[in-house]
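Written out below as structure tokens is the structure these notes cover.
Please treat every number below as a calculation from the coordinates, not as lab data. Values in this document were obtained by computation on a predicted structure and should not be read as measured data. Please note: Cβ atoms are built from the backbone with ideal geometry, for glycine as well, and neighbour counts cover all protein chains shown.
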């Protein structure tokens, strides 16, 4: 997925996806500012997680949260973490996601996918 987003994987020609001038496709060039902010915040958090020696290479966001926040006696992910860097990076990601969600909700109402 990362290689695809960076335009390193071959992509089939499709409406709005192929640039004849560039002769290539870069998904990141087509992301909104809000989506790009989520991508960048997630990438910083992902890099921080993978700087750990015991990081799993295929960890999802849920796995990363469980790693830093730990689990309680019932096996549920705890609500907070003692790692201040993680808390900051996670908060930045949450804020970017909220901004993107607001933009998506506006469009969903505008195009009639949801009713007010």
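Brief remarks on what is shown
- Computing FRET efficiency as 1/(1 + (r/R0)^6) for residue 85 and residue 32, where r is the C-beta to C-beta distance and R0 is 25 Å, gives about 0.35.
- Taking the number of Cβ atoms within 10 Å of each Cβ as an exposure proxy, the fewest-first ranking of 61, 114, 45 is 114, 61, 45.
- Listing 80, 92 from fewest to most neighbouring C-beta atoms within 10 Å gives 80, 92.
- Among 47, 36, the order by Cβ neighbours within 10 angstrom, fewest to most, reads 47, 36.
- Near-label residues of the range 83-111 by backbone N, under 20 Å of a point 7 Å along Cα→Cβ of residue 72: 83, 87
- Shape call, the range 67-116: gyration tensor on alpha carbons, a/c limit 1.5: oblate
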